[in-house]
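Structure first, commentary second.
None of the figures in this text is laboratory data; all of them are computed from the coordinates on show. Because the structure is predicted, anything quoted here is derived from the model rather than measured. Here the Cβ is made from the backbone with ideal geometry for all residues, glycine too, and neighbour counts use every protein chain on show.
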Amino acid sequence: MLKTRIIPYTLHFKRPAGTSRGVYHDHKIWYVVAADTSRPEGWGIGECAPLFDLSCDYDENYEDRLSYFCQKLEQDGKLDIEALRPYPSILFGLETAMRQLEQGSFRLWDTPFARGEKGIPINGLIWMGDYEYMLEQIESKLQQGFRCVKLKIGAINFEQELDLLRYIRKHYGADRITLRVDANGAFSPGDAPDKLKRLAELDLHSIEQPIRAGQWNDMSGLVKVTPLPIALDEELIGVNQPEEKKRLLETIKPQYIILKPTLHGGIIGATEWIELARSMDIGWWITSALESNIGLNAIAQWCSTYNNPLPQGLGTGALYTNNIEMPLFIQGDCLWYEIKTKNEKRKVKNILHF
């Protein structure tokens with residue numbers, strides 16, 4: 001018999017995390033446990049981690065909706081994917097809980113990563129802040145051995161942000177360090193072309209979401225003239241039906257898309273995006289979205305099934321003071337899964353008291 005349990009949890013940032021939309025101090029999430037009552041250790045845990053100012057499925061009734069889908073899962077014994085499409089963070093939590101229940105461990109897919117044989121290349125993320133704080137982060141990431149660095153821009157003066165990028169390029173050429181930037185929609189359609197031109201002079205890999213989402217025609221026009229490859233991120237949020245996904249990509253024709261299962265349709269929905277991108281010769285990579293290590297592990301396990309050579313956006317789990325320990329670690333510029341002999345599932349169970 002299948003039983004579910006919801007465990008609310010609040011993650012606390014070690015330091016306020018800034019984006020162009022504002023600053024995060026904590027992050028409320030919900031863990032979902034799916035258990036087979038006929039087996040004492042027959043359970044799996046998933047993470048529902050919507051972002052209050054970004055997710056398409058977050059509102060004041062979120063926990064009630066999550067409870068409804070948990071009850072429906074208990075009754076049906078399987079997920080109603082079509083009913084869950086409008087609620088990507090809930091879908092992600094439930095599908096990964098069921099996947100772990102089926103697999104019996106946190107190794108959700110059998111890959112070299114899951115066997116501890118191969119790491120996933122990732123970018124080093126530089127959070128917004130004042131000039132000194134961002135410079136401090138850049139130097140730290142480079143010392144750690146990262147070969148791809150991503151800066152969130154759009155919150156401080158654009159000239160200062162250009163200075164930061166020039167600083168990196170002065171010491172590390174494009175042959176040594178790949179630079180990505182994420183504007184989180186901070187540019188206007190009017191000033192975006194000039195800003196993209198100036199950014200392109202610094203040999204950047206790409207820019208994420210230069211203008212705010214929902215302006216398909218403006219974004220399409222920008223993609224046609226940009227000297228810097230554009231990656232869509234927020235643009236994909238709330239676009240949950242396959243035919244609408246196809247229409248968006250055919251309209252905008254971006255150089256890249258970035259997939260976050262919590263925001264972009266769970267594992268199932270993000271997989272659809274990847275298949276469409278491949279069919280249209282659009283590049284892509286996978287990124288976590290401020291999940292705890294429970295969600296990060298599920299995303300990394302799924303990500304490893306693709307063997308995408310581009311640096312992925314994984315590894316945000318170190319941001320929190322009260323994260324759930326998982327057998328994940330960063331070495332150099334790669335995320336690794338460590339094979340341990342002790343019972344990792346029992347450890348998580350004891351921490352969350354279920």
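Would you work out which of 25, 88, 105 lies farthest towards the positive end of the dipole of the chain? Charges go on Cβ: Lys and Arg +1, Asp and Glu -1.
Positive-most Cα among the choices belongs to 105.
Give the calculated FRET efficiency between residue 131 and residue 215 to the nearest 0.05, with a Förster radius of 22 Å applied to their Cβ-Cβ distance. Before the final figure, lay out each step's value.
Values: r = 30 Å, r/R0 = 1.36.
With a Förster radius of 22 Å, E is 0.15.
Go ahead and set up a Gaussian network model of the chain, Cα springs under 10 Å, then flag whichever of 171, 27, 205 fluctuates most.
Highest fluctuation among the options: 171.
Could you work out how far the C-alpha centroid of the stretch 243-281 sits from that of the stretch 68-138, in angstrom?
17 Å
Please identify the DSSP H helices in the chain that span no less than 15 Å along the helix axis (Cα) and have a mean Kyte-Doolittle hydropathy of -0.5 or more. Let's see the in-between values first.
Working: long enough: 62-76 (21 Å, -1.33); 88-103 (22 Å, 0.03); 131-144 (20 Å, -1.02); 158-171 (20 Å, -0.91); 242-252 (16 Å, -1.18); 266-279 (20 Å, 0.44).
Span-like helices in the chain: 88-103, 266-279.
Between 304, 188, 206, where does the largest GNM mean-square fluctuation fall for the chain, given springs only between Cα atoms within less than 10 Å?
Of 304, 188, 206, the Gaussian network model singles out 188 as fluctuating most.
With a 10 Å cut-off between alpha carbons and a GNM built on the chain, which of 232, 204, 259 moves the most?
Judging by the Gaussian network model, the answer is 204.
Is there a pair in 224/260; 141/224; 224/245; 3/118 whose C-alpha atoms are over 29 Å apart, and which pairs would that be?
On the way: 224/260 25 Å; 141/224 33 Å; 224/245 19 Å; 3/118 35 Å.
With Cα atoms farther than 29 Å apart: 141/224; 3/118.
Kirkwood Rh, Cα Rg: Rg to Rh for the stretch 24-177?
Working: Rg = 21.0 Å, Rh = 19.0 Å.
Radius of gyration relative to Kirkwood radius: 1.10.
Would you mind computing, in nm to one decimal, how far apart the modelled labels at residue 76 and residue 247 are, each placed 7 Å from Cα along Cα→Cβ?
Placing both labels 7 Å beyond Cα along the Cβ direction yields 2.5 nm.
Given labels modelled 7 Å from the Cα in the Cβ direction, how far is it in nm from residue 281 to residue 194?
Placing both labels 7 Å beyond Cα along the Cβ direction yields 3.4 nm.
When the expected Rg is taken as 2.2 N^0.38 Å, what fraction or multiple of it is the alpha-carbon Rg of the chain?
In units of the 2.2 N^0.38 Å rule of thumb, it is 0.98.
Please get the size of the charge dipole for the stretch 120-341, origin at its Cα centre, with Cβ charges of +1 on Lys and Arg and -1 on Asp and Glu, quoted in debye to the nearest 20. Walk me through the intermediate numbers first.
Working: 21 positive and 28 negative charges, 80 e Å.
The dipole magnitude comes to about 380 debye.
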